[in-house]
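Chemist: This is the structure I want to talk about, given as structure tokens.
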Amino acid sequence: MVRLKDIAALAEVSSSTVSRVLNNDETISVSEETRKRILQTAKELNYQTIQARRKKQKSKNKVPSVAILLFHSMEEELNDPYFHSIRLGIESECNRRGLNNVELIRYENFNPRKTNDNDLDGLIIVGKVDEEEVSKLNLSKDNIVYIDYSPKHSKYDSVIVDLAEATNVLIEYLFRNGFKEIGYIGGEPETYSEQGNTTFEDKRYLAFKSRMKQEGLYDRNNVFIGKFSMTEGYRLMNVALKKGNLPKAFVVASDPLAIGAIRALKEAGVKVPDDVSIVSVDDIEMAKFASPPLTTISIPSEDMGRIAVKMLLDRFEGRKIPLKVTVPSKLVIRESCGSHLNN
């Protein structure tokens with residue numbers, strides 16, 4: 001253990017002078033050269049004052065302050081339980097880990113300057129928030145975890161699901177059951193920024209278009225894009241019904257969209273799956289209680305939230321390498337897709 005007299009001997013001053021310099025005693029009168037020599041010697045010997053050691057110990061014992069930044073409003077979250085489930089996963093894991101100082105920020109109320117005033121240690125972002133907005137925070141990139149989005153996997157931790165792969169699993173399932181004329185109902189995701197929200201083509205739709213074109217089966221007339229909600233699923237299917245010549249099956253980008261679409265079909269007297277089969281993505285709790293129950297891709301959304309918390313804590317422990325975790329998904333077969341061959 002380094003003592004004051006060790007520094008004093010090397011710096012050629014008294015122990016009391018060393019103590020007063022290291023503790024920033026403003027009443028001491030020493031030359032700047034002597035002050036620098038004492039500080040340099042202490043640094044080389046890796047000496048820490050009692051105050052510094054106490055501060056370090058206090059910091060070590062401090063419970064980190066964590067915020068969750070959600071790009072969905074409360075209403076949008078209720079319309080899409082996928083994101084609600086992610087949030088529950090984050091909150092339950094924070095509670096389990098003793099992180100009781102967790103702030104919930106919705107994007108419409110997000111103010112980087114105000115957030116900086118909260119002495120934040122870590123941030124978990126749910127959704128596609130523009131990186132420039134996040135860079136305004138006085139927060140190390142090492143202490144930021146994205147969920148459902150990976151803007152720069154070489155820079156930020158992220159937890160995602162491979163939606164393109166999930167879509168291809170659904171298409172292959174339909175192909176195996178003899179379907180060739182397949183429609184698509186989906187939404188356009190948004191990236192949120194101060195300059196305004198920007199929509200872009202969803203990975204599910206891009207995967208659908210690519211696979212169907214590969215088979216020579218893609219028909220833009222059978223594609224219906226809107227927003228991600230049950231109401232939109234109902235509206236988009238009604239648009240498809242008015243056009244006529246319904247495909248024998250639909251890949252739908254989310255369970256809420258699919259539930260809305262099934263309602264529209266029922267009102268039109270079109271039977272699911274006898275007349276039209278429906279497959280979708282999410283496996284929200286409501287999917288098994290839909291009429292008929294949905295064939296869908298199950299995504300461990302709550303686990304995505306838990307994993308994000310673990311990754312953030314791992315960062316606090318000193319991990320420097322950013323990680324990108326892709327959670328597995330699986331096909332859950334229920335009654336909304338008939339197994340009969342489509343001749």
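Chemist: For the pair Ser154 and Leu104, what calculated FRET efficiency results from E = 1/(1 + (r/R0)^6), where r is the Cβ-Cβ distance and R0 = 30 Å, to the nearest 0.05?
Modeler: Result of the calculation: an efficiency of 0.55.
Chemist: Provide the solvent-accessible area of Lys5, counting protein heavy atoms only and rolling a 1.4 Å probe, rounded to the nearest 10 Å².
Modeler: Surface accessible to solvent at Lys5 totals approximately 110 Å².
Chemist: While we're looking at this one, here's another question. Shape of region 75-165 from its Cα gyration tensor (a ≥ b ≥ c, root eigenvalues): rounded if a/c is under 1.5, otherwise prolate when a/b > b/c, or oblate?
Modeler: Rounded, since a/c falls under 1.5.
Chemist: Here is a follow-up. Suppose we keep just the DSSP beta bridges with both residues in the chain; what percent of those would be antiparallel, to 5?
Modeler: 10
Chemist: With a ≥ b ≥ c taken as the square roots of the eigenvalues of the C-alpha gyration tensor of region 140-188, please select rounded if a/c is under 1.5 and otherwise prolate if a/b is larger than b/c or oblate if it is not?
Modeler: Prolate, because a/c is 1.5 or more and a/b exceeds b/c.
Chemist: Enumerate the calculated ³J(HN,Hα) couplings along region 17-30 in order (Karplus 6.51 cos²θ - 1.76 cosθ + 1.60, θ = phi - 60°), each rounded to whole Hz, writing x wherever the residue is Gly or Pro.
Modeler: Calculated HN-Hα couplings, in order: 5, 4, 4, 5, 5, 5, 9, 6, 6, 6, 8, 6, 10, 9 Hz.
Chemist: Something else: Charges on Cβ only, +1 for Lys and Arg, -1 for Asp and Glu, centred on the Cα centroid of the chain; of Ile259, Ile147, Ser15, which one is farthest towards the dipole's positive end?
Modeler: The residue sitting most towards the positive pole is Ser15.
Chemist: Could you calculate the contour length gain from Lys5 to Val327, that is, 0.36 nm times the residue separation minus the distance between their Cα atoms, to one decimal place in nm?
Modeler: 110.2 nm
Chemist: Work out, step by step, the length gained on full extension between Glu201 and Lys242: first 0.36 nm times the residue separation, then minus their alpha carbon distance; give nm to one decimal.
Modeler: 12.3 nm
Chemist: For semi-axes √(5λ) of the Cα gyration tensor in Å, one of (i) 35, 23, 21; (ii) 59, 17, 17; (iii) 37, 24, 18 was computed from the structure I shared and the rest are decoys. Which label?
Modeler: (ii)
Chemist: On average, how much accessible surface per residue is there in the chain, in Å², for a 1.4 Å probe, leaving out ligands, DNA and RNA?
Modeler: Per residue, the chain has an accessible area of 52 Å².
Chemist: To continue, here is another question. Could you size up the charge dipole of the chain around its Cα centre, putting +1 on the beta carbon of Lys and Arg and -1 on that of Asp and Glu, and report it in debye to the nearest 20?
Modeler: Using Cβ point charges on Lys, Arg, Asp and Glu, the chain gives about 1000 debye.
Chemist: Over all pairs of distinct alpha carbons, what does the Kirkwood formula give as the hydrodynamic radius of region 126-284, in Å?
Modeler: Taking the inverse mean of 1/r over all distinct Cα pairs, region 126-284 comes out at 17.0 Å.
Chemist: In percent, how large is the relative contact order of the chain, given Cα pairs closer than 8 Å and 6 or more residues apart?
Modeler: With pairs under 8 Å counted, the relative contact order is 18 percent.
Chemist: Let me ask something else. Rounded to the nearest percent, how much of the accessible area of the chain (1.4 Å probe, protein heavy atoms only) is carbon and sulfur?
Modeler: 47
Chemist: A further question on this structure: Could you order peptides 233-239, 78-84, 218-224 by the average number of other Cβ atoms within 10 Å of their residues, highest first?
Modeler: 233-239, 78-84, 218-224
Chemist: Next up: Would you calculate, for the chain, the mean residue ellipticity at 222 nm contributed by helices, counting each DSSP H stretch of 4 or more residues as -39,500 (n - 2.57) and dividing by all residues, to the nearest 500?
Modeler: Calculated at 222 nm, the ellipticity per residue is -12500 deg cm²/dmol.
Chemist: Something else: Each label point is 7 Å from the Cα along the Cα-to-Cβ direction; what then is the distance between the points at Asp25 and Glu317, in nm?
Modeler: Label at Asp25, label at Glu317, 4.3 nm between them.
Chemist: In percent, how large is the relative contact order of region 218-343, given Cα pairs closer than 8 Å and 6 or more residues apart?
Modeler: This gives 23 percent for region 218-343.
The values are calculated or read from the model by the stated rules, or taken from the named source; none is laboratory data. It should be emphasised that the depicted structure is a prediction, and the values quoted were computed from it without experimental measurement. Cβ coordinates were reconstructed from backbone atoms using ideal geometry, including for glycine residues, and neighbour counts include every protein chain displayed. All accessible areas refer to the heavy atoms of the entire protein, side chains included, with ligands and DNA or RNA removed. Shrake-Rupley method; radii C 1.70, N 1.55, O 1.52, S 1.80 Å.
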